[in-house]
Amino acid sequence: MAPSDHPTSNWEPMQDGTVFYRKQELYSMQWKVQDLSDYKVVGARYGGPLAIVRDEHKVVALGGGQRYTKPQIQLYSSSGGLISTLSWDQGKMVCMGWTLDERLVVLNEEGLYRVYDLQGEYEQFSLGQEAQEEGVMDAQIHETGLVAITGSLNFLEIRGWEGGKAQTMASTGLSSPPNCWAIMPPELTVSRHAEVLISTESTIFTLDNLECVDQRVSRGPFTFIAVSPNGKALALLTKDNILWVVSSDFQGELAESDLSLEGVSGPPKQVVWCGNDSLVLIWDILVLMMGPYGDSLRYYYVSPVHGVGEIDGVRIVGAEKCDFLQRVPPSTYAVFRPGSTSPGATLFDAMTHFEKKSPKADENIRSIRPELVAAVDACIDAAAQEWEPYWQKKLLNAASFGRAFLDLYDPSEFVTVGQTLKVLNAARYYEIGIPITYTQYQHTSPEHLVARLTSRNLHLLALRVSAYLQIKADPVLKHWACAKIAQTKGVTISEKDDEDICKTIVSKFRGQYGVSYADIARRAWQLGRTRLATLLLEHEPRTEDQVPLLLSMKEDRLALKKAIDSGDTDMVYHVLLSLKRRLNLGDFFRLIEDGGPALVPAANLLQVYARQQNRELLRDFYFQDDRRTDSAVLKLQEASEATDMVDRTAAIRAAGKSFSEDKDRAFEARMMDEYAKLLLLQQTLEKDADGRVPFIGLSVNETIYKCITTGQSKKADRVRSDWKVPDKRFWYIKLHALTESRDWEGLDAFAKQKRSPIGYEPFVNHLLSKGFPNQAKNFVPRCDAKQRVDLYVKCGDWRAAGAECKERNDKARLDQLRRMAPNNLVQRELDQIASSMNTR
Amino acid sequence: MATAALPRPPPQAGPSVPPLRPARLPSAQQPAADSSDPGVDVGVLKQLAKTGLVEALNAVPGGKTLVLDPTLAGPLGLVTEVSLLKQHGVDKMFWLEAGALSSQSQNIVYLCRPQIRWMKIIAQQIKLHTASSERHSYTLLLVPRRTILCDRILEEEGVFGDITLGQLKLEFIPLEEDVLSLEMENTYREVFLDGDNTAIYYSAQALMTVQQAFGLFPRIIGKGDAAKRLADLLLRMRQAGLADDPTSPALSLPSTVLDALVVVDRAVDMITPLCTQLTYQGLIDELVGIKNSYVEVDASLLSTAPQQMSGAPSLPAPGPTPALGPSSAQPKKKKHLLQASSDAVFTDLRDENFSVVGAHLNRLAKRLNEDYEGRHRAQTVEQLRDFVGKLGGLQSEHLALRLHTGLSEQIVPMTQTEVFNKSLEVQQNLIAGYDVNAQFSTIEDLINREAPLHVVLRLLCLYSITVGGIKPKQLENTKREILQTYGYQYLTLLLHLSSLNLLLKAPAPAPHLPLPSLRKHLRLLVDDVSEQAPTDIAYVYSGYAPLSIRLVQCVTMKPAVVAAEMGEKAVGGGSGGGEAQKEGTLKVVPRAHPIMGWKGFDEIVRSVPGETFDEVQRPEGDGTGKVDRESARHRLSAGADGRIVLPKGHSTTTVVFFLGGCTYTEIAALRWMSRQTRGRKYLICTTSIVNGSSLIDSLSPAPWAPITT
């Protein structure tokens, strides 16, 4: 590479040479614009694109094939490369501006605004009713919102670019339009909300959502208000061309200069901050720079120019070239200032000598040995600030050379700067045309730069930069996929094309995490590529993202299936309830039924929901699906909730009927008949007892029991025979009931009625458990002989137990009893029995 | 309107505790140093739940009335105290129940699970307020998450706009150091009867949280259709999580402290819960009832002496009856938290077979007495001081001893009833396949005697499962007997049991449990099991080795399944009394073998109905993504078959998840297994603690309304 001019060749001193400014040419413009003053121009910050539109107030010579057409907005890169052309067919344009992510906002006088991306795709929003009726008189756009003044002098604010509702700001009480005004963007204010500065009469109002404050300035009216990039200072220009700089809280006066002393007259076209400490004023071809101490620099151009304020300088765009004017950064100044003896400069010098193989190199290094670290740092920093790769390299070489003399030096800054410069040089290349400085790059972020490359459809570069800087590439890929799909807009597409494009997209995404196929599919769907959208959705790992799109695509069954696959039942409910709203009931049920086993989980959930929230729906569902047993169970549930006898009986009969319609449920149907019959009987029983004895709700067993305990044995027998209660069970019931009512005679008679089908041990045990040992022991003789001794003991009748032993001549058992005897009395009795056995 | 019966907190002395800061999950990825450590520390999950609650409460400024879902009170009580709620502005608490809500506070906070019935009650209460032009601001916190379904119900009820909705992520609650429960009581019914898989989804999310805390399960092994669904969901969630955050270490790296997740769904093994649990804690649950770790005992067994170190008052679960009514008639009952951390006696007893509990308590009483007697031996001032120092411990031990003696005394007579013993006998015989016809007659006899319905149904279902259905005539007849004896309203329950394949007509349609072959190959019956010094998990049922745990052993402790003699070798001798057992553990126990899936048991496991699966979670997702170079060094080396090779001396934890609930006996069996090998601990996770009766209750429809006319 040929050595470029020395960096200092474009430096201009100020303040007696203590500060230098440099104006370097970035590009010679590729465009064919003849005279920029014919256009309205807005440029985006951070080396962003320019939007130009022919100024309607200027006279244009028609003819020579030119015809008057609707205005066209042209988007150019900073190097004058055409990005795209937008035709504006809406009402009169009030203003244009750039968002932070380089979308162009255009507002018309009816309050309608569009947000265009660099490809000309737009979203359209409105400021609302008031703006439409009153008209928009003026507006200003900042990176994250806009403020508009309506015909009735109300200030409306839009925050963000998602189409939010316009907020009305506090009332100003203005009676005439402001002389000039400016926005203090939200990121610069204390409140983090946008503030508006309004010049009216001789003073300035500051306005936000809550209040409008008169700042009691008396030097107005002003023709320009400009807010510095850091928001700390305001530049005000009076109509007498006195430039007055104050702190943004109006408390301190920072500078004042009378421009008429500079020999200029008339108001400038633009007042732009150049960094945070100087201002640039532009009159067509004159660029006047005012430093903080009243010194000035002037630059003349051959044709009118436009300035774009940056955080660290100002970009000056003309028909022929694009320049960047900035204060020479301190490190650059230190290294390159003629006659500089700073460590950085010495190191750089040493490097030059080293390359020439001159021993002076060593001498130089030696002389700055203690400050070598600072010297290396300075060279690295100066390299970062340099535009020309030649000087970047030289400076980095110098740094690298110096580093070699250091034992310990953290190389990360060196590596970062080297990497970053590689990326910046690529972005600055004229075909790309993003003249971003290192400071601006640091102020934004690598992701921001990648996003900007992406939005210019420079996917390959964006992808490489992402990979190089190791940042996530999925936004790039997503944009690429959407752009790829949009390319084929309007062309007839075969099924194969869809599959191919899907395959291409999927293969590009392989190995990339975090890519949202759902977003791409939504884009495809919006472009009318439903089939492709469905194909793409198949690859979305997050089911919750698939389902809503499928629903809006009316792919109902697939949406339901995907929701089921996700395992998230709430997602299934979401689909079910949406479909229930949209479809008629018949279609809704059919969708679920025809889905087969795959949709069974959805049918299950529908039942769970309907059982609690919509019984009617459930009834219909079971009916339509011929689910007799389920219908019957549902009716049983209704029966259980009924508090009225008639309702309950009816519900039970209905359940019985449903059961009977299912050939496998004959038993259940019969049971329902029995149940209904039992309820009727219980009703009669209650009536007979004048309602004093509750019967309703008892089981068959309990009914018999109740009959016996209330002395209605006959009725108990009738229930027994009508319900064919088996002997054994009946005997238990009667035993329990008679014990309960202590009807010992009855119990005895019952026991003797016939041989007990359950034996007599249950008699003994039950009576014992209810605390009637005396009654219990009466039944012991009827029990199995082997058990009797134990049973007697259980009844506490030791003598009987002993007697039993004697009867059976079981000496061993008797001895055992004697050992277990609870007291002396028993002991003696048992001893007696034992002795009687012995004597025999 | 009933006020929630919550104990008052003690007056707060001094400044309140500083508000908790949101805790990030600390990475617990450090490998456990030795095998004596308790495994992974689950305290972090409790802290997470607590912080979530505090944040949710603080989001509502000022004093507020808290309206609480009664089914959440128990779980919440395990993670927080009333005093904490008070500190965060809760000045009054009510149960969420139908009827008007009268509240003085401006702010009303509802806290409930996202269920339709709660939404309807809340809507009703808000509408009543609106009608009487009472003004409140409502906040609804849904546990564990806000759902679209609830939004819709509130919309349909017309109150959606009046409520601020939020969520409280209450997932696994540590019941003990080694037991985590979601405390979702009805999971078995919802998943297997209703086909509502919500609980599976929540389980998966909760397990994802566990993975976030401790790293990926290197392997997910399991049995059962629902278990498979859960495993699929876990894999899917990992992919979705990686799609959002590809660099998440918790999703890309297998854990170094966990070696596998074993999922068993309840439908795979219904035999185990249907049998009567015979461990101490299991029997308390069967006969007295344990709810959210709380047991209701006579107040006289609990002392309010200062030694009771249970700390701040807790939120007990609401009792089945209103607190006011019958309490005056019966001896006063009190809720007591049964937890090993606060009760050393219980730690020793909980997993013992009940038959040895009496002797154990005796021994303990004797020792305690001797310890007390120690004061007479104290000669010097130092010895006396020593003794006084021990006194606090002795006293709390004394109190615990009194409680457990009291509980045992309460249980003993219950285990001596005829019904209890007959039902045990039937269970044993059915599993052994011995004279099934006689068993059926016994069941019929129990119906005639009007034994409790759940006893009858448990046996009947066990019969149907083990025998493979009931002869049609017999089945119909028994069903009729049941309906006549207990009431026709149980028809629905019987239908539910049959649709769950628990009560089937013979021949039961395939697939059904091949019990004879399982009995043989998985040694479901162990003949001479020692209750004092167990040599096999079968001690928890005095002979029957729970199928679910045998399946887990097929993965984690293969020798124990293979043969009796191998099993005995595995525990080092195994003869002799309890003391010998203690010595046995001091001897060198064998190292746990690495996880190798179902290997060796594939065929027999496959013969059990339900899906069988074994998934390896590899480090880098699909193998398509980039491997983090850093991470590659940390992860365990996985062999070609996904087999995890453990570094020497490294101890890992196997997570066992029971989908649909587990019993205390299953927990006891897993704890026993932890002690048999070095290098493997078990972390037991479950949807809730269940037993046969609670499962059957969950299938029963609501009680019938009384007829009013």
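The values are calculated or read from the model by the stated rules, or taken from the named source; none is laboratory data. What you see is a predicted model; the values in this text were computed from it and never measured. A quick note on method: Cβ atoms are made from the backbone with ideal geometry, for glycine too, and the neighbour counts reach across all protein chains shown.
Going by the conditions given, is A:V789 within 14 Å of chain B (Cβ to nearest Cβ), crowded, with 19+ Cβ neighbours inside 10 Å and over 60 Å from the mean Cα position of the chain (by Cα)? Criteria not met by A:V789. Taken over segment B:207-230, the residue count meeting the criterion of being part of a helix (DSSP H, G or I) and within 16 Å of B:S255 (Cβ to Cβ) is 8.
From the list A:L551, A:L560, A:L532, the lone residue that is in contact (Cβ under 8 Å) with a residue 12 or more places away in the chain, part of a helix (DSSP H, G or I) and touching a Leu at 6+ places or on another chain (Cβ under 7 Å) is A:L560. Of all the residues in segment A:608-626, those that are part of a loop (DSSP other than H, G, I, E, B) and either within 12 Å of another protein chain (Cβ to nearest Cβ) or aromatic (F, W, Y) (or both) number 1. Note on segment A:563-591: residues that are assigned to a helix (DSSP H, G or I) and surrounded by 17 or more Cβ atoms within 10 Å (Cβ to Cβ) amount to 19. If you go through segment A:323-344 and keep only what is crowded, with 24+ Cβ neighbours inside 10 Å and aliphatic (A, V, I, L, M), you end up with A:L325, A:V335.
Confirm whether A:Q753 is closer than 20 Å to A:S713 by Cβ and either touching a strand residue (DSSP E or B) at 6+ places or on another chain (Cβ under 7 Å) or modelled with pLDDT under 90 (or both). Can you show your working first?
Numbers: closer than 20 Å to A:S713 by Cβ: yes; either touching a strand residue (DSSP E or B) at 6+ places or on another chain (Cβ under 7 Å) or modelled with pLDDT under 90 (or both): yes.
Considered against the rule, which asks whether it is closer than 20 Å to A:S713 by Cβ and either touching a strand residue (DSSP E or B) at 6+ places or on another chain (Cβ under 7 Å) or modelled with pLDDT under 90 (or both), A:Q753 comes out as yes.
Among the residues of segment B:207-216, at least one is within 21 Å of B:T612 (Cα to Cα), in contact (Cβ under 8 Å) with a residue 40 or more places away in the chain, within 14 Å of chain A (Cβ to nearest Cβ) and not polar (S, T, N, Q).
So which residues in segment B:140-186 are in contact with a helix residue (DSSP H, G or I) (Cβ under 9 Å, 6 or more places away or on another chain) and among the hydroxyl-bearing types (S, T, Y), if there are any at all? Correct list: B:T147, B:S181. Filtering segment A:610-626 to residues that are buried (at least 18 other Cβ atoms within 10 Å of the Cβ) and closer than 30 Å to B:K473 by Cα leaves only A:Y622.
Could you check segment A:463-516 and list, in sequence order, the residues that are of a type in the set (V, I, T) and modelled with pLDDT of 80 or more? Spell out the reasoning first.
If we filter segment A:463-516 for residues that are of a type in the set (V, I, T), which is where we start, we get A:465, A:471, A:476, A:485, A:488, A:491-493, A:501, A:504-506, A:515.
Passing the criteria: A:V465, A:I471, A:V476, A:I485, A:I501, A:T504, A:I505, A:V506.
Note on segment A:736-755: among residues that are buried (at least 20 other Cβ atoms within 10 Å of the Cβ) and hydrophobic (A, V, I, L, M, F, W, C), the one that is nearest to the other protein chains (Cβ to nearest Cβ) is A:A737.
Inside segment B:526-581, counting only helices (runs of 4 or more DSSP H) that do not spill past its ends, which hold 2 or more residues that are at pLDDT 85 or above?
Those helices (runs of 4 or more DSSP H) span B:547-556, B:558-562.
Of everything listed in (1) modelled with pLDDT of 85 or more; (2) within 14 Å of another protein chain (Cβ to nearest Cβ); (3) in a helix (DSSP H, G or I), the single unmet condition for A:T643 is (3).
Filtering segment A:200-222 down to residues that are farther than 16 Å from A:P185 by Cα and of a type in the set (S, T, N, Q), which residue is surrounded by the fewest Cβ atoms within 10 Å (Cβ to Cβ)? It comes out as A:S218.
Do we have A:Y293 as over 24 Å from A:Y430 (Cα atoms) and in a helix (DSSP H, G or I) here?
Values: over 24 Å from A:Y430 (Cα atoms): yes; in a helix (DSSP H, G or I): no.
Criteria not met by A:Y293.
Could you list, in sequence order, the residues of segment B:656-709 that are within 14 Å of chain A (Cβ to nearest Cβ) and assigned to a helix (DSSP H, G or I)? Quick ask: steps written out before the conclusion?
Step one: list which residues in segment B:656-709 are within 14 Å of chain A (Cβ to nearest Cβ), which gives B:659, B:699-709.
Passing the criteria: only B:L699.
Scanning segment A:692-711 for residues that are at the interface with chain B (Cβ under 8 Å from one of its Cβ atoms) and β-branched (V, I, T) turns up A:I696, A:V700. Identify the residue in segment A:544-560 that is surrounded by 20 or more Cβ atoms within 10 Å (Cβ to Cβ) and not acidic (D, E) and, among all such residues, is nearest to A:A598 (Cα to Cα). Checked segment A:544-560; the qualifying residue nearest to A:A598 (Cα to Cα) is A:L560.
The requirement of being among the β-branched types (V, I, T) and within 25 Å of A:T710 (Cα to Cα) is fulfilled nowhere in segment A:783-794; no residue meets it. Restricting attention to segment B:169-201, report how many residues are within 14 Å of another protein chain (Cβ to nearest Cβ), outside any helix (DSSP H, G or I) and touching a residue at least 24 places away in the same chain (Cβ under 8 Å). Residues in segment B:169-201 being within 14 Å of another protein chain (Cβ to nearest Cβ), outside any helix (DSSP H, G or I) and touching a residue at least 24 places away in the same chain (Cβ under 8 Å): 3 in total. If you filter segment A:627-638 down to residues that are in contact with an Asp or Glu (Cβ under 8 Å, 6 or more places away or on another chain) and not charged (D, E, K, R), you find that the one that is farthest from the other protein chains (Cβ to nearest Cβ) is A:A632.
When you look at B:I470, is it within 14 Å of another protein chain (Cβ to nearest Cβ), within 27 Å of B:L551 (Cα to Cα) and over 27 Å from the mean Cα position of the chain (by Cα), yes or no? Yes. In segment A:712-731, the qualifying residues are those that are facing another protein chain (nearest Cβ under 10 Å) and of a type outside the set (V, I, T), and the one that is surrounded by the most Cβ atoms within 10 Å (Cβ to Cβ) is A:R729. Only strands (runs of 3 or more DSSP E) whose full extent lies in segment A:97-157 are considered here, and the ones with at least 3 residues that are more than 26 Å from the chain's Cα centre (by Cα) are A:104-108, A:136-142, A:145-150. Considering A:R653, A:R670, A:R665, the condition of being among the charged types (D, E, K, R) and either touching a residue at least 60 places away in the same chain (Cβ under 8 Å) or surrounded by 19 or more Cβ atoms within 10 Å (Cβ to Cβ) (or both) is satisfied by A:R665 alone.
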